[in-house]
Each structure stands twice: as C-alpha cells, then as structure tokens.
Amino acid sequence: MRQCASIISLGLVAVASSVAAQSPMPHAGAIAPIHTTMKDLHAHGGVPRGWKFLLPPGDPAAGRQVFASMKCFECHEIKGEAFPPGDRKPGPELTGMGAHHPVEYFAESILNPNRVIVDGAGYTGPDGLSKMPEYADTMTLRQLVDVVAYLKSLTRGGADHRGPDHAGHHAGDSTKMDHSMGMK
C-alpha cells in the first residue's frame, strides 16, 4: 500500500507538470519554474532547495461538474449548492472548506483518503479507516486538478473547523496565535 502511494505520488508529480503544459487552465497566476542543476538536486535530497509540491491551478467551474458527475454530493454537503436530490451518506460537510485547507491537502484527501482520517459519526468503517473511496484509479489528473480548484473556491459559510483554540476567530482574521502566550 505504501509503495502504491509512493508510485502514485511520483506519478502525480511527474504528470502534473505535463498536464499544465498540455492544456491551458484558467488561474490567477502561473507557477514559476524552478531552475537548478543536477548537482544541487542531489545535494538537497533529490529536490530543489525550498521545493514544495504544488498542484497546477485548475478550473473551479469544471471541478463543480466533476463533483456532480462523480456524485460527491451524495456524501458531502455544500450549503448553497444545488445538486440532485437523493439519499445522503455521512461525510464531512465541505461548505467553506476552501478557507481552511491548502489545495495539496484536498488532492491527497481524494487520492489517499486514509492518509488523514476524520474521526466522527459515519466517517469511518468498522476497521477504523475512512469510508471515502480512493479515486486514484478512477479520476483523471485534469478532473483532480479541477475538483480541487472547486473545493478551494468554497470559502464562504460553513462552520469554524479550526477547533477551540480559535473560538470566535474566522478565516481571514488578522489575529495570529502565539503558542506560548495565547492570542496576540
């Protein structure tokens, strides 16, 4: 399983840049290329200095279509969005989630839902693993990039999911947490 996840991760990294190069994606800004030498790559653990995996930007409107066509709404409610009626299964509500998580977290949650397991009624099976299916074999990279862009666009409404240390403070507040002294 771990080897499979590593292969998927490597494949995603390798293909993500080719996805971005093969077709234009509407986005606010381009991801700047990193130039390096093979010597520097090897000197820094095989990645450029300061490198972090970045998902290419996607199209939120196309992502909403993916969300609907793959019936994600059957488990995930998004207040204010109209999806076909039907029986709903329990899953985390996604209203406002774009304000709480980076795109890489959304991508990993879709491709490897057991990486981070949300504890809560109906979210896990008897084995303690996530009930969310894996989409690594059924979702194209284009669909992944676009549905992640859609989830990231969901920034309004929803509960404050940051926990008791942030009670009364909402995403976008300029209040910063000083872990040694409380709110600052």
- Residues Asp59, Asp137, Asp87, sorted so that the one with the fewest Cβ neighbours within 10 Å comes first: Asp87, Asp137, Asp59
- Query: When the Debye formula is applied to the Cα atoms of the range 53-157, each taken as the same point scatterer, what base-10 log of I(q)/I(0) results at q = 0.20, 0.22 Å⁻¹?
  - Reply: -1.11, -1.35
- Note on the structure: Total charge of the residues flanking Lys71 in space, meaning their Cβ is under 12 Å from its Cβ, with Lys and Arg +1 and Asp and Glu -1, is 0
- How high is the FRET efficiency between Glu81 and Ile34 when r is their beta carbon distance and R₀ equals 45 Å, given to the nearest 0.05? 0.80
- When Lys131, Lys152, Lys79, Lys52 are ranked with the fewest other C-beta atoms within 10 Å first, the list becomes Lys52, Lys79, Lys131, Lys152
- Task: Could you work out the local net charge near Arg88, counting Lys and Arg as +1, Asp and Glu as -1, over the other residues with Cβ closer than 10 Å to its Cβ?
- Result: -2
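We did not get these values from a lab; they are worked out from the coordinates using the rules stated. Not measured: the values here are computed from a predicted model. For neighbour counting, all protein chains shown are included, and Cβ atoms are generated from backbone atoms with ideal geometry for every residue, glycine included.
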